[in-house]
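Engineer: The structure under discussion is supplied below as structure tokens; questions concerning it will follow.
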Amino acid sequence: VTVTSQPGSAGYHGSLTVIAFTNAAGPGIAGQASAPSGAPDIYIPGVLAGNWVFAVGNDWDAAIPRTPVSGQILVHQRVDTQVGDTFWVQATAAPSVADGLVTIHDTAPTTDQWNYAAVEIVATRQ
């Protein structure tokens, strides 16, 4: 598969991450969160066992790397020192083992503004 992306307007910085899933039925629960400061944090309730949660975030205050909590991974991170922004994709390290709430959370930084959007990837049920 080839993916091509071209900005519609010049002069903006960003990041694009493309992920392909096998045995996925499609998107499930989605959510968004933001705050003027504090550790980036988003809650996705009602995730079913076997499903995976991914989130995308941005911090436009400073180019500072994220520090995810244990059990989570940074899929991709762009620390853009030219404009002082950080863009990242974060996920749980593996699909959920039980039904319930999934939190995508970073321990640092805690002083910048941030935005998160997250989605549950629903597994194909056999």
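Engineer: Residues being open to solvent by less than 30 Å² (accessible area, probe 1.4 Å) and either charged (D, E, K, R) or closer than 15 Å to A117 by Cα (or both): count how many of those fall in region 55-84.
Structural biologist: 5
Engineer: Right, next: Scan region 1-57 residue by residue and report those that are under 21 Å from W88 (Cβ atoms) and of a type in the set (V, I, T).
Structural biologist: V3, T17, V18, I19, I29, I42, I44, V47, V53, V56
Engineer: If a residue has to be part of a strand (DSSP E or B) and on the phi > 0 side of the Ramachandran plot to count, how many in region 21-37 make the cut?
Structural biologist: Taking region 21-37 and keeping what is part of a strand (DSSP E or B), we get 24-35.
If we keep only those that are on the phi > 0 side of the Ramachandran plot as well, we get 26.
Qualifying residue count for the region: 1.
Engineer: Can you work out which of the residues in region 95-114 that are among the acidic types (D, E) and surrounded by 12 or more Cβ atoms within 10 Å (Cβ to Cβ) is nearest to the chain's Cα centre (by Cα)? Even if it seems obvious, please write down each step before you answer.
Structural biologist: Taking region 95-114 first, the residues among the acidic types (D, E) are 99, 106, 112.
Checking which are surrounded by 12 or more Cβ atoms within 10 Å (Cβ to Cβ) leaves us with 106, 112.
Details: D106: 11, D112: 17 Å.
Among residues in region 95-114 that are among the acidic types (D, E) and surrounded by 12 or more Cβ atoms within 10 Å (Cβ to Cβ), the one nearest to the chain's Cα centre (by Cα) is D106.
Per-residue answers, yes or no, for (1) under 23 Å from A123 (Cα atoms); (2) hydrophobic (A, V, I, L, M, F, W, C); (3) modelled with pLDDT of 95 or more:
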position	(1), (2), (3)
G8	no, no, no
I29	yes, yes, yes
A49	yes, yes, yes
Q77	no, no, yes
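Engineer: Okay, next question. Identify, from the list G28, G46, the residue that is in contact with a Leu (Cβ under 9 Å, 6 or more places away or on another chain), of a type in the set (G, A, S) and surrounded by 13 or more Cβ atoms within 10 Å (Cβ to Cβ).
Structural biologist: Values: G46 fails: surrounded by 13 or more Cβ atoms within 10 Å (Cβ to Cβ).
Only one candidate qualifies: G28.
Engineer: From I19, I44, grab the single residue that is in contact with a Gly (Cβ under 8 Å, 6 or more places away or on another chain) and within 16 Å of V119 (Cα to Cα). Walk me through how you get there before you give the answer.
Structural biologist: Working: I19 fails: in contact with a Gly (Cβ under 8 Å, 6 or more places away or on another chain).
Just one listed residue meets the conditions, I44.
The values are calculated or read from the model by the stated rules, or taken from the named source; none is laboratory data. Only a predicted model underlies this, so the values are computations on that prediction, with no experimental measurement involved. Heads up, the Cβs are rebuilt from the backbone with ideal geometry, glycines too, and the neighbour counts pull from every protein chain shown. Side chains are part of the model used for accessible areas, which takes the heavy atoms of the whole protein and leaves out ligands, DNA and RNA. Shrake-Rupley method; radii C 1.70, N 1.55, O 1.52, S 1.80 Å.
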